[in-house]
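The values are calculated or read from the model by the stated rules, or taken from the named source; none is laboratory data. None of the values given here were measured: they were computed from a predicted structure. Reconstructed Cβ throughout: ideal geometry from the backbone, glycine too, with neighbour counts over all protein chains shown. Quick note on the areas: whole protein, heavy atoms, side chains included, nothing else; ligands and nucleic acids left out. Shrake-Rupley method; radii C 1.70, N 1.55, O 1.52, S 1.80 Å.
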Amino acid sequence: MITVDMLVAFIILVWVFVYTVSYGVWTWKKKNRLGAVMIFLLALSALALPLYTMLFRY
Amino acid sequence: MKRTAAFLLMLAATCTLLSGCYDGKEIDDQTYVIAIGLDKGETNKLRMTLQYAIPLAMGSSGVSGGGGGGGGEGESKSIGSMTLECPSVYSGLNMVNNSVGKQVNLSHAKVMVFSEDLAKDGRMVMLTRAITRGKEFRPNMVVAVSRGSAEDYLKSIKPRQEADPSKYYELKFSGYKYTGFIDQTQLHDFFIKEESTGAQAVAALVGVNTKNSTKEFSVGESSAPQKNRPVPFEGDYLAGNLPKVGDIKGEAMGLAVFNGPKMVGELDGEESTHYLMVTGKYGHAYVTFPDPIKKDFYIVVNLKQSRRPTYKIKLVDGKPNIKVEIKLEADYMSIQSGINYESEYNDIFERSAEKYLEEGIKRLLNRTSAEFHSDIFGFGNQYKSRFLTWDQWKNFQWLDRYKNSTFEVAVDVKVRRTGLTIRNAPIQGSEGEVQSP
Amino acid sequence: MLANFRKTLARLFTFEEPKTKERFILKETEEEMAEGGQKEQDKKVEPRKKKNEGLQLNKKSGENEENKGPKPDISKALSENMERIKDIYSIPTNGDAVLREFDLVVKNKVIPAFMVFFDGMTDRKVINDDILQPLMLLSNLDIKSDEKSIADYIRSHILPHNQLKEFKAIEQVVQGVNFGGCGIFIDGVDSAFVADVKGWEHRAVERPNTEQTIRGPQEGFTELLRANTALIRKILNDEDLIAESLTIGRRSRTPCSMMYIKDITNDSLVKEVRRRLKSIKVDYLFDSGELEQLIEDSSFLPVPQIMVTERPDKAASMLAEGKVVVVMHGSPFALCMPVTNNELLHSPEDSYVRFPYANLLRFVRIMGVFLSLLLPGLYVAITNYHQEMIPTSLLFAIEASRERVPFPSVVEILIMEISFELIREAGIRIPGPIGPTLGIIGALILGQAAVAANIVSPILIIIVAVTGIGSFAIPNFALALGFRVLRYAYILLGAIAGFLGITTGLFLQGIWFVSEKSFGVPYMAPFASKTAGGIADQFARPPFWKQEKRADYMNVKDARKQPHISRGWKSQEGEDQKEEDDDAGK
Amino acid sequence: MQESKIVFGKWETAALLINALNVQVFLNFPRTMAERGGTAGWILAAYISVLAFLLFLLISRLYSRFEGKDLLDLGEYIGGSAGRIIVGIIILIHITFIISIILREFAEDMKVISLPASPISFVILFFLSGMIAGAYAGIEAIVRFHAFIVPIILAGYLIIIGGVAPYYNISNIMPILGNGAYAIFGSGFFRISSFSGLIALFLLFPFIKTGKNFKSAGSLAIGISSGVLITSALTFLLVFPYPSAIEGFLPIFQLARLINYGRFFQRVESIFVMIWAIAALLYLSMGFFLIVYVFSKTFRLEYYRPLIIPMAIIVFAISLWPKNLMSAIAMETVYFRSAAWAVTFGMTLLLLLVAGAMKKRNHRKEGDRK
């Protein structure tokens, strides 16, 4: 079941994801490949972990 | 900047969605229970009596109406009560909430009274253990055992001097500091002693005095006959037995003694005083002593505990031998015989008072070990320091050994002050000096 | 439009490299860096610093820029100048601009001249007696000397006025005239004189209105720049006190004075204040309140980062502590910077009364801050979440008094707080004679009637009243305003989550305040980023003779205010001497 | 990192560490001590304090040759980038889990104490907002705020343990050796994890600069916190006799509930809620900053601030993992309080020893070359 606050939370999550990825892209352009990859991972987990908790644990 | 602002906005949005002041409850949306009484139920496990305050009737603040004060004969409008039968305390609260408009809140409950039969079959201890989990029950709430039903006791309380009924309970149960007839047995203490391996619990004893006229008074109700006293002293009563009539029927006097989960006996007022002296919690009180020179006369002193008592415990043939030393101070309050105890016979009085107290205390100590098998004084906790590890102590089984204990008591009484009188002059009459009869 | 929108969207969602700004940090002075101690002799060794031009008090704003000012553009032809002046001041239309033509005789030559000034801003008598009269009459006298130019001759012989300046640029003349000067143009001279004949109406020195003390000087600043600087100088009497002149405002050219004590104040601080003041580009400035907002570090921090004072003695003591004071023409409030949160709680009276009482005052004030900030929030939190905390009798009293009130306690307290703010605001705006009636209305309507009508509970009136009193106990008006704003946040937080909400609020506020700086000094200075003597000297107050050092966080050049033994009579004379020597030798 | 210009003094560092080490007192440190040591829980606390102090002395001696270097720099010294990244990831995982679990525990405690009807995520959000604000403001603000607040927290703590003085009963801590010498001095050794908060010091060395400050701040912090830890265990055991002591949850709260002086001054435990909420906020924001800082330093990122929000979301999600309060407590006590020493002390010592040996060898090589 999707409620309004879940929707808001989802929007925030997507926003944070996009923002973090853009920081990763910026880092990539600065020739810090490893750092960029780690930021992408971070962004992914910041999206996936709460979604997992939201959808399956509760 | 824009981004931060937008993020904050979003966060605020989630917060408002999430929030809603989940726990906020207005004071005036709740009713505050000040005393809880628990009895054995007829149709269910428990019969619970809740006594709650009705602040509007207290006539406080500038609020008009309510009327306060006035009230009918013997009726106090500032408290209401409700009795119901329920399977457990919390389910009972739920049931009460169906009829009381405001939500019941226990965080200001001052006293919890259990009926004697609940205490005797061990249910009381189970119940107290169960409720300590709840945050609303305060650890310094007083736990008391009622002789007879707790419901009757709570219904008999109609405080009229106190605008705020909770004050009645608070003052009454801290009164042991100047009466010595009960102990302020807080839930925390009770609970800890129940689980302790070196002490057993007591609880204050309360009761309802049913006498309606002075004609109903009788010596037989007191414990004086067992103590071979022609006339009962002030401490020779249990709650509910006092020869007294008046507005306030509820009384608190004496202690209920527990052995493990079960209540095994009662101590009367005098024994409670002795209990307090042995444990060192005795404050000060008026105590009556028989006159050592002239029989049938009494000397009343204001007795104080000057130092904490000391204990010497040793093991004789596996049996504990316990030596208690108690130091007391006294001020003369009244000397009926007119003998000059202040100056000439002070020593005589002191020795006789010491002997009198020693006998009483020894009687109490023997009673606890032989009759109750219950170390309510916590001698075990004193003896604990002889052991190095917990397992050794536990295997020693103190509580089991206590019933074989022998006791020695040494009381030291020192008269310090004599009140306003420093010596008695004889009374003059037509026959010259009148010797006291 | 669409592109713009996309750009905004992109900025919202993506990372941008932040622009790194170097934050100004108050650096330690060289001596302090080299060695902790401070030398008493510094004063004598001083002039290693670059020469300061601002030494004289009576120095006009224009002079500073005289050398590098605009090119000389005053023509030798008087008519040309007159045309330009008329053009600049729109003379026939402009009623208060006076242009007076006259002739003067120099060395038997009749020279036409004119003067321009604003009626009302100038002193008529001075113009008549000291300018017009000598020019028109005395110029006939035979003077035995042979000056080369007429201008020099006039300046050195004819005009007996004490403040006379000569400008080559018409712009500077106009400035002088705008500021109450009298411009004199003479035919054949390619420069003009500006005589200072200011004579506008102004308030005399009065008692300070907003910061009253029982003990201590009773003078307050006025709207005149020079009077204000003089009031400060009168107290300090120190030749090292510098009053640097600056003008702010592209159109208003408001004169300001930046004051500091040369051998106490940290140079980098002076430089930073000067930099900020000079960089300001606005048209007009009306009060130092506007100037404050232009130079403060953070506009969003609810509490002031610059101390505003109406008292010359306070400003002087700030200077003596090594701070910079900016006085602006037209404002009776001087700005002292930097300032810490703690110092805003100090009142000048703290130093004037004896120390036990001063400490009591300080303590009471801290209580005032806590009450005004937290009390309503705590009330809401306790009554909604932590009822067990209230003593039982009080609880029942509150319950009884709230029983007939229809609102939740948050709404109740907001109603009262807002009406209290209304009374306060109305009380300031209300015309003088009916002022007292407002008090009656407030007390009667809100105190009595609201309770009688069961709109609020009586206990709440007490809460709001105590809060109000608490906020009045804060000596700095702006600080009290800041806390008044924050109070509402605490009410809401207390209503949402009780003590947890309030604690989170305190934490956020703390982190915020702690990370702020006022002119390079940490805002919570003596406590957060702990400095020596924070509690003893700054928070509490030791006896006056024990206040030996200036605040550590100011990084002043001369840390010592007084020698270790400041009361000579207490010790033997010889010892005294020795002590001083020791200090010097350190 | 532009932050490395920031230097803070001895007291600030010590305050940070004091809070980091003592925050567990508000959770269940006294209870775990009682559980392990029985009536001698306080001796156990004293024992691990002494051990921690000795270990710290050893570490600070070894550290003297690497002044101003944190663990990541040491890792880099030993194994280049790879070394730094390995060390960084270990520390990251360690701190992230500790912070998440402690966040959950504090939120659960708060919920039990004063907000029983609120959902747990609502309570966590309050703490999370503090953490985010703290990390945004940076280590300088966090440290300064510590210097300001820690004395207040200590004062509040002293009021609690002083306020329950009427309930003290010396016989409660008898028999003196409690669960026996082995339980205290043998298996009790691993309780040294209680001092695992010291890792903050090893990570913040670049901000402290001098080895002298490092040593004195560390010693001061260990001194004061061992005082607090010992008194907390001692007071708790003095008031609650041994078998009852291990029943209760939130020991210090239980103590605060008992405080009563007269009819007026009682039931004040809610005031102390403020003290431990602010201690928790300080600790969490410090730990959270470390997470973000270590992440950005490990991967040589230029800015750490963009990482705050995603990292906060991750911490939030992890903190919701434990199914209930009991499993959160179990995770804290079992995993981290008994294994955390391996990271704080074990890894640090290992790194220092290897780096020291390498330095010596390099030195000798250089000498040979000469």
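A few remarks follow.
- Within region D:315-346, the residues that satisfy the criterion of being assigned to a helix (DSSP H, G or I) and among the polar types (S, T, N, Q) are D:319, D:327, D:333, D:338, D:344.
- Which listed residue, of D:256, D:277, is open to solvent by less than 10 Å² (accessible area, probe 1.4 Å), over 26 Å from residue A:33 (Cβ atoms), within 8 Å of another protein chain (Cβ to nearest Cβ) and touching a residue at least 12 places away in the same chain (Cβ under 8 Å): D:277
- Screening residue C:272 on (1) open to solvent by 30 Å² or more (accessible area, probe 1.4 Å); (2) over 18 Å from residue C:550 (Cβ atoms); (3) assigned to a helix (DSSP H, G or I) shows it passes everything except condition (1).
- The one condition in (1) out of contact with any Pro (no Cβ under 8 Å at 6 or more places or on another chain); (2) free of Cβ contacts under 8 Å to residues at least 40 places away in the same chain that residue C:322 fails to fulfil: (2)
- If you go through region C:464-478 and keep only what is within 25 Å of the chain's Cα centre (by Cα) and closer than 24 Å to residue C:289 by Cβ, you end up with C:471, C:472, C:473, C:474, C:475, C:476, C:477, C:478.
- Scope region D:103-112; condition among the hydrophobic types (A, V, I, L, M, F, W, C) and crowded, with 23+ Cβ neighbours inside 10 Å; matching residues: D:103, D:106, D:107, D:110
- Hits in region D:228-253 (condition: without any contact (Cβ under 8 Å) to a residue 24 or more places away in the chain and not in a helix (DSSP H, G or I)): D:247
- Residue list for region B:103-128, restricted to those being of a type outside the set (Ser, Thr, Tyr), surrounded by 17 or more Cβ atoms within 10 Å (Cβ to Cβ) and at pLDDT below 85: B:123, B:124, B:125, B:127
- Among the candidates C:424, C:484, C:429, residue that is crowded, with 20+ Cβ neighbours inside 10 Å, among the charged types (D, E, K, R) and not assigned by TED's automatic domain parsing to the domain that holds residue C:554: C:484
- Selection status of residue B:132, polar (S, T, N, Q) and touching a Pro at 6+ places or on another chain (Cβ under 9 Å): yes
- Figure legend. Inter-residue proximity from region D:105-120: first residues closer than 17 Å to residue D:275 by Cβ, second residues open to solvent by 10 Å² or more (accessible area, probe 1.4 Å) and part of a helix (DSSP H, G or I), beta-carbon distance below 7 Å, spacing 6+ or different chains. Indicated pairs: D:105/D:329; D:107/D:120; D:113/D:253; D:114/C:385.
- Tally, over region B:219-236, of residues that are over 20 Å from residue B:300 (Cα atoms) and touching a Pro at 6+ places or on another chain (Cβ under 9 Å): 3
Residues checked against (1) under 18 Å from residue D:309 (Cα atoms); (2) open to solvent by less than 90 Å² (accessible area, probe 1.4 Å):
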{"position": "A:14", "(1), (2)": "yes, yes"}
{"position": "A:19", "(1), (2)": "yes, yes"}
{"position": "A:23", "(1), (2)": "yes, yes"}
{"position": "A:28", "(1), (2)": "no, no"}
{"position": "A:33", "(1), (2)": "no, no"}
{"position": "A:36", "(1), (2)": "yes, yes"}
{"position": "A:41", "(1), (2)": "yes, no"}
{"position": "A:50", "(1), (2)": "yes, yes"}
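- Taking region C:346-361 as the range and being in contact (Cβ under 8 Å) with a residue 12 or more places away in the chain, open to solvent by 20 Å² or more (accessible area, probe 1.4 Å) and among the aliphatic types (A, V, I, L, M) as the test, the residues that pass are C:353, C:361.
- Identification of strands (runs of 3 or more DSSP E) wholly contained in region B:266-375 with 2 or more residues that are within 20 Å of residue B:398 (Cα to Cα) yields B:310-316, B:319-335.
- Pairs where the first residue, in region B:178-202, is at positive phi and the second is among the hydroxyl-bearing types (Ser, Thr, Tyr), C-beta under 8 Å, 6+ apart: B:180/B:272; B:180/B:273; B:180/B:282
- Qualifying residues in region C:388-398 (those that are within 7 Å of chain B (Cβ to nearest Cβ) and out of contact with any Phe, Trp or Tyr (no Cβ under 8 Å at 6 or more places or on another chain)) - the one most open to solvent (accessible area, probe 1.4 Å): C:393
- Scanning region B:386-414 for residues that are among the acidic types (Asp, Glu) and open to solvent by 70 Å² or more (accessible area, probe 1.4 Å) returns B:391, B:400, B:408.
- Just one of the listed residues (D:124, D:85, D:78, D:91) is at pLDDT below 85, of a type in the set (A, V, I, L, M, F, W, C) and part of a helix (DSSP H, G or I), and it is D:78.
- Extreme residue, nearest to the other protein chains (Cβ to nearest Cβ), among residues of region B:365-385 that are free of Cβ contacts under 8 Å to residues at least 60 places away in the same chain and open to solvent by 20 Å² or more (accessible area, probe 1.4 Å): B:385
- Only one of the listed residues (C:451, C:456) is under 27 Å from residue B:24 (Cα atoms), surrounded by 18 or more Cβ atoms within 10 Å (Cβ to Cβ), free of Cβ contacts under 8 Å to residues at least 12 places away in the same chain and aliphatic (A, V, I, L, M). That residue is C:451.
- A residue that is assigned to a strand (DSSP E or B), touching a residue at least 60 places away in the same chain (Cβ under 8 Å) and either under 30 Å from residue D:84 (Cβ atoms) or in contact with a helix residue (DSSP H, G or I) (Cβ under 8 Å, 6 or more places away or on another chain) (or both) occurs somewhere in region D:260-273.
- In region D:133-145, the count of residues that are under 30 Å from residue B:382 (Cα atoms), in contact with a helix residue (DSSP H, G or I) (Cβ under 8 Å, 6 or more places away or on another chain) and more than 7 Å from every other protein chain (Cβ to nearest Cβ) is zero.
- Filtered residues of region B:386-421 (kept if within 14 Å of another protein chain (Cβ to nearest Cβ) and within 12 Å of residue B:199 (Cα to Cα)): B:398, B:399
- A single member of B:129, B:123, B:147, B:160 is out of contact with any strand residue (DSSP E or B) (no Cβ under 9 Å at 6 or more places or on another chain) and away from every other protein chain (no Cβ under 14 Å), and it is B:160.
Conditions (1) crowded, with 19+ Cβ neighbours inside 10 Å; (2) at pLDDT 90 or above; (3) among the small types (Gly, Ala, Ser); (4) within 20 Å of residue C:223 (Cα to Cα), marked per residue:
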{"position": "C:264", "(1), (2), (3), (4)": "yes, no, no, no"}
{"position": "C:288", "(1), (2), (3), (4)": "yes, no, yes, yes"}
{"position": "C:321", "(1), (2), (3), (4)": "no, no, no, no"}
{"position": "C:334", "(1), (2), (3), (4)": "yes, yes, yes, yes"}
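- Residue list for region C:275-284, restricted to those being outside any loop (DSSP other than H, G, I, E, B), aliphatic (A, V, I, L, M) and either over 16 Å from residue C:297 (Cβ atoms) or more than 16 Å from the chain's Cα centre (by Cα) (or both): none
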